[in-house]
Amino acid sequence: MDFRNAVELLEYCEVKNKSLSEAMLEREMTLFHLSQEKVWERMKHAYAIMKRATHLPLEKDLKSMGGLLGGEAKRLYKRYEEGKTVCGSLMAKAISYAVGVLEVNSSMGLIVAAPTAGSSGVIPGVLLAIQEEYALEDEVMVQALFNAGAVGYLITLNATVSGAEGGCQAEVGAASAMAAAALCELMGGSPRECLDAASTALTNILGLVCDPIAGLVEAPCQKRNAMGASNALISAEMTLSGIRHLIPFDETVEAMYKVGKSMPSELRETAMGGVAATPTACQLCKGIF
Amino acid sequence: MKVMSVFDIIGPNMIGPSSSHTAGALRLARVMYKLAPQPIKEVTFVLYGSFAKTYKGHGTDKALVAGLLGMEEEDERIKEAFNYAREAGLYYRFEINDSKHYKHPNTVEIIVKGGKGEHISLTGASIGGGAIRVDKVNGIEVFFTGEYYTLFIIHQDKPGVVAHISQCLSKYEINIAYMRLYREQKGTIASTIIEADEPLTKEVLKAIEANPAIYNAKLIHL
């Protein structure tokens, strides 16, 4: 059992009356001859790492290798605790967690690359925030990771999730699409709605360049993880309200891939374009190396 | 390309900050950890391209040392790898090579000296998402990724050796995915690399090494 695009995945889900997460779990068990228990335990371990990575920066002071980050999660969490946020409590928490995971990553801590290290804050950010908001069980969250995995798998197979290949739109774009789909399933959305939410998230970030200051996974990556998390939330919200997405998922992914390929290499992780090429960024570079 | 798993997407679980510059670097060094006779006493890492430019900010140096100590991508001791190296009596150094003669921007050459003074070298690249590619072992151009259950065999280049290896594998019901043979000159030393679908046990290794034409057989699986 396998699927190579969203059309095949949706057909499978509709015929068998399965969710995206169930389809992805079955795919893993069939293709790798593994028991459900074994696959589940491994995903549970990934979720535990995500959870720890969202909370660690609230407890400890972490200093990034390049020195461009540190303490952002605490600042955001403080605003959430004080109850006077611009974003509302759920989004405030999600972005605090998302930026926190990037603090952990950039200080050589343990994270789950989902789908990459540079975009590792998006999925834990939204999943942990929604879990706490609605008091969801861990088991439900682990299930949702299979949904996110299905979306990420299709993007990786048919396009790319690498910033060096497709820019930030591919990297944080994919993470955001994965998170949007997972949120949809958690809130009772159908497989089609999950993919609509994913397409929406991907479309919203279309064209975003990858321009890391000093070539490090620090800035602007950290803030873009917060953006990816909030984009996932609004994409899921729009879809669940009944707003349809006009372009099907497979076509959206193809469009993203084409945009990525037409980006000059300066805007694909080489730190030679975008904000990485500004005079201030170059000055910061000298301080690091 | 191997069939993609959900854990290639929700994963790998790794010490940051970069799958290519940290996790991939560590995996390259771990290949050397598996190839070299223990204990490794000395190592030189020669960094090329992007590795040479950004290794400090990515912790590439710590990841390389950690990999050579046998640590895995999830190991939270990686950050303190230099201390662990000192404890283990491993002397390490880094060299920057500015030449543009590399196949991939994230390339490293690892040269180790074992306990008995023997030298082994390996050149490889971190090709993205933590995946790696080994390009050279002891100066001979090779190719393997460590994704499969990999056997690296150094042997005499003479008739019957490859047949012996494949007989051993078939006896233990191991299906070969890929098999490649490399040699410098006819009749001297050759390297055979086997990539298999099934896990390779120590018994298989012993059976292969029983032939006097086999100098060395190592298991590499990342």
- What number of residues in segment B:63-77 are in contact with a Phe, Trp or Tyr (Cβ under 9 Å, 6 or more places away or on another chain) and either surrounded by fewer than 18 Cβ atoms within 10 Å (Cβ to Cβ) or facing chain A (nearest Cβ under 7 Å) (or both)? 2
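The rows are residues; the columns are (1) in a helix (DSSP H, G or I); (2) within 12 Å of chain B (Cβ to nearest Cβ); (3) under 15 Å from the mean Cα position of the chain (by Cα); (4) surrounded by fewer than 24 Cβ atoms within 10 Å (Cβ to Cβ).
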residue: A:Ala94; (1), (2), (3), (4): yes, no, yes, no
residue: A:Ala98; (1), (2), (3), (4): yes, no, yes, no
residue: A:Ile111; (1), (2), (3), (4): no, yes, yes, no
residue: A:Pro115; (1), (2), (3), (4): no, yes, yes, no
residue: A:Pro124; (1), (2), (3), (4): yes, yes, yes, no
residue: A:Leu157; (1), (2), (3), (4): yes, yes, no, yes
- Message: So if I check each of B:Tyr48, B:Tyr102, which one is more than 8 Å from chain A (Cβ to nearest Cβ) and modelled with pLDDT under 90?
- Response: B:Tyr102
- Item | Odd one out for A:Ala150 among (1) open to solvent by less than 10 Å² (accessible area, probe 1.4 Å); (2) away from chain B (no Cβ under 14 Å) | (2)
- Task: May I ask you to verify whether A:Leu102 is part of a helix (DSSP H, G or I), buried (at least 22 other Cβ atoms within 10 Å of the Cβ) and under 15 Å from the mean Cα position of the chain (by Cα)?
- Result: yes
- Query: In segment B:35-49, is there at least one residue being open to solvent by less than 10 Å² (accessible area, probe 1.4 Å), assigned by TED's automatic domain parsing to the domain that holds B:Lys100, in contact (Cβ under 8 Å) with a residue 60 or more places away in the chain and within 25 Å of A:Leu102 (Cα to Cα)?
  - Reply: no
- Message: Report every pair of residues separated by at least 6 positions or lying on different chains whose Cβ atoms are under 9 Å apart, first residue within segment B:128-141 and more than 14 Å from chain A (Cβ to nearest Cβ), second in a loop (DSSP other than H, G, I, E, B) and β-branched (Val, Ile, Thr).
- Response: B:Ile132/B:Thr145; B:Arg133/B:Thr145; B:Val134/B:Thr145
- Task: Might you let me know whether segment A:234-244 holds any residue that is at pLDDT below 95 and not in a helix (DSSP H, G or I)?
- Result: yes
- Task: Return yes or no: is B:Glu95 open to solvent by 50 Å² or more (accessible area, probe 1.4 Å), away from every other protein chain (no Cβ under 14 Å) and assigned to a strand (DSSP E or B)?
- Result: yes
- Task: Could you grab me the full set of residues in segment B:1-18 that are within 7 Å of chain A (Cβ to nearest Cβ) and either more than 14 Å from A:Glu41 (Cβ to Cβ) or assigned to a loop (DSSP other than H, G, I, E, B) (or both)?
- Result: B:Val3, B:Met4, B:Ser5, B:Ile9, B:Ile10, B:Gly11, B:Pro12, B:Met14, B:Ile15, B:Gly16, B:Pro17, B:Ser18
- Hey, A:Glu82 surrounded by fewer than 23 Cβ atoms within 10 Å (Cβ to Cβ) and either free of Cβ contacts under 8 Å to residues at least 12 places away in the same chain or within 14 Å of another protein chain (Cβ to nearest Cβ) (or both) or not: yes
- Exactly one condition in (1) surrounded by fewer than 20 Cβ atoms within 10 Å (Cβ to Cβ); (2) β-branched (Val, Ile, Thr); (3) more than 30 Å from B:Lys186 (Cβ to Cβ); (4) under 12 Å from the mean Cα position of the chain (by Cα) is not met by B:Val108; state its number. (1)
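The values are calculated or read from the model by the stated rules, or taken from the named source; none is laboratory data. Values in this document were obtained by computation on a predicted structure and should not be read as measured data. Cβ: placed from backbone, ideal geometry, glycine included. Neighbour counts: every protein chain shown. Keep in mind that these areas ignore ligands, DNA and RNA; they rest on the heavy atoms of the full protein, side chains included. Shrake-Rupley method; radii C 1.70, N 1.55, O 1.52, S 1.80 Å.
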